[in-house]
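Have a look at the structure below, then the notes.
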Amino acid sequence: MKTGVKKLRVGMLGCGVVGSEVARLLITNQEDLAARSGAGLEMVKIAVRDLSVNRPGIDPGLFTSDTESVVNDPNIDLVIEVMGGIEPAYSLILKAMANGKAVVTANKALLAKKGAELFHASDEADVDFYYEAAVAGAIPILRPLAESLVGDRVQRVMGIINGTTNYILTKMHEDGATFENALKEAQALGFAEADPTADVESFDAAAKAAILAGLAFHTQVTDDDVYREGITKVSADDVAVAKDMGFVIKLLAIAEANDVHGSNEETITVRVHPTMIPKNHPLAAVRESFNAVFVQCESAGELMFYGRGAGGTPTASAILGDLVAVARNRIEGSLGPTETDYADLDIAPMGVTKTRYLIRLEVLDIPGVLAAVATTFAKNDVSILTVRQDGRGADAELIVLTHIASENSLASTVKQLEQLDSVKDVLSVIRVEGLPS
Ligand code: HSE
């Protein structure tokens, strides 16, 4: 049923790199957006922290420092939240919803902490809540999971969902750069923040992983449920060994049903960590700051979604897509699909996750070392797939690639290896995905 709405008024919270592109594109493309939505979309108010900043191309009369005036304005129909952070964004979105406004956000940190509360609030208020831009920027991945693939069973989602770390790892792989030098280059080019912690320690990717996992498995997942490791310990030697063995190291977010490896337990695991994948895996071709999400479904099989995961115009594209969708719904007098967390699956501890591992050991080059190392793996029920030894004078480097084993078994193996007299150092342990089972 069409409601006869001729114009929808839009308010925005925040106007940084993404928000200013949203405002600019709303004006530049207003005729097309109106034709596609079924009503004009007019930006009427933008709340910003600092009114003195010059924002070219945007009518200065739109700006206010009063955030409440956006969410409480009875003339505003749709609110875009691009201020980021938990508060005041959370309270402002709740108020906007309670006041009957549809909300579009790009705020992954907030969704990963308060997703369930926000979905509940939008249900209660009978308003749309869309957030495609929160994960992987321009890439349409959330609505495909929530709508296109909702008739299928997702088995696993593996994603490169942080552009900064992908840029750093690409430079390490292709140019032999150290982590520190690659990070400096990323900072100079504006990919990495001055304080890169959120990216390099995987907080950003963990928040996005929680959102992806929740949608894929119809379960409430927060960032606290995500096992997280950053890329700061990945060394140039790790990258060189990976390359030599036909692998690429990527920071992967992985959400999977635990029956992927043969168990029928109804649990999922969600993890983000540096991962070796074969160089011919589709995700290995995702270079520099690009993102990609690889989805395995029971019926659809394998799918990959690729594109720009950050930046003003790419993220604005996703926000405007959501804006048109919520505008269409409002004109129809309908609502988009709501979240489903009916499956309510348990999130298994990392210890039960099963994968393969590549372990680099610095050992004494003396008789019996290989036997002692192999026995330690065997005692812990970790089966070895390949072993390579590189001599280095009196010492040697042993590179062990395992078959699939649990995290618990691997952890006890590593602990016992560290206690062997012949093992001088466990140089690194990197998980391996994407090999045929
Ligand atoms: N800092 C993020 C990245 C973009 O490097 O991908 C925002 O989520």
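Just so it is clear, none of the values below were taken in a lab; they were calculated from the coordinates. Predicted model only: the values in this text are computed from it and were never measured. Backbone-built Cβ (ideal geometry, glycine too); neighbour counts: all protein chains shown.
Summary of computed values
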item: Two-site label geometry, residue 64 and residue 298: point separation in nm, points 7 Å out along Cα→Cβ; result: 5.0
item: Loop-exposed GluC sites (Glu not before Pro) per DSSP, neighbour cap 12 Cβ within 10 angstrom, longest uninterrupted part of the chain; result: 1-264
item: Within the stretch 142-308, percent of DSSP bridges classed antiparallel, to nearest 5; result: 95
item: Eligible lysines near residue 171 by straight Cα distance, threshold 20 Å, same-chain separation 8 or greater; result: 184, 233, 243, 250, 279
item: Kirkwood-based Rg to Rh ratio, the stretch 142-308, C-alpha trace; result: 0.98
item: In Hz, Karplus ³J(HN,Hα) per residue of the stretch 32-39 (6.51, -1.76, 1.60; θ = phi - 60°; x = Gly, Pro); result: 5, 5, 5, 5, 6, 7, x, 7
item: Cα-projected label distance for residue 435 with residue 404, points at 7 Å along beta-carbon direction, nm; result: 1.2
item: Rounded tilt (10° steps) of 312-332 against the dominant C-alpha axis of the chain; result: 50
item: Charge sum, other residues only, whose C-beta stays under 12 Å from residue 9's C-beta, Lys/Arg counted +1 and Asp/Glu -1; result: +2
item: Antiparallel %, DSSP beta bridges [both residues in the chain], to 5; result: 70
item: Theoretical gain in end-to-end length, residue 379 to residue 419 [0.36 nm per residue, Cα-Cα removed]; result: 13.0 nm
item: For the stretch 1-43, size of Cβ-based charge dipole, Lys and Arg +1, Asp and Glu -1, in debye; result: 220
item: Backbone N under 19 Å from the residue 91 label point (7 Å along Cα→Cβ), restricted to the stretch 41-55; result: 47-50
item: Segment residue 342-residue 313, length gained on full extension (0.36 nm per residue, minus Cα span); result: 6.9 nm
item: Peptides ranked, highest mean first, by Cβ atoms within 10 Å: ranges 110-116, 348-354; result: 110-116, 348-354
item: Neighbourhood charge, 13 Å Cβ-Cβ cut-off, centred on residue 112 and excluding it, Lys, Arg +1 and Asp, Glu -1; result: 0
item: Dimensionless Rg ratio for the stretch 353-432, taking C-alpha atoms and the 2.2 N^0.38 Å reference; result: 0.99
item: Relative contact order, percent, the chain [alpha-carbon distance under 8 Å, six or more residues apart]; result: 16
item: Exposure proxy ranking, count of Cβ atoms within 10 Å, fewest first, for 165, 105, 267, 197; result: 197, 267, 105, 165
item: Given charges at beta-carbon only (K, R positive; D, E negative), |dipole| of the chain in Debye; result: 820
item: Difference of contour (0.36 nm per residue) and Cα-Cα distance, residue 288 to residue 117; result: 58.0 nm
item: Neighbour-count order for 139, 331, fewest beta carbons within 10 angstrom listed first; result: 331, 139
item: Order of 15, 297 - criterion: other Cβ atoms within 10 Å of each residue's Cβ, fewest first; result: 297, 15
item: Cβ-Cβ FRET estimate between residue 189 and residue 280, R0 fixed at 35 Å, reported to 0.05; result: 0.80
item: Most positive-pole-ward Cα, 28, 96, 60, against dipole of the stretch 1-114 from beta carbon charges; result: 96
item: The stretch 142-308, dipole about Cα centre (Lys/Arg Cβ +1, Asp/Glu Cβ -1), debye to the nearest 20; result: 400
item: Dipole axis of the chain (+1 Lys, Arg; -1 Asp, Glu on Cβ), positive-most option in 182, 394, 427; result: 182
item: Listed residues 361, 239, 334: farthest to the positive end of the dipole of the chain (Cβ charges); result: 334
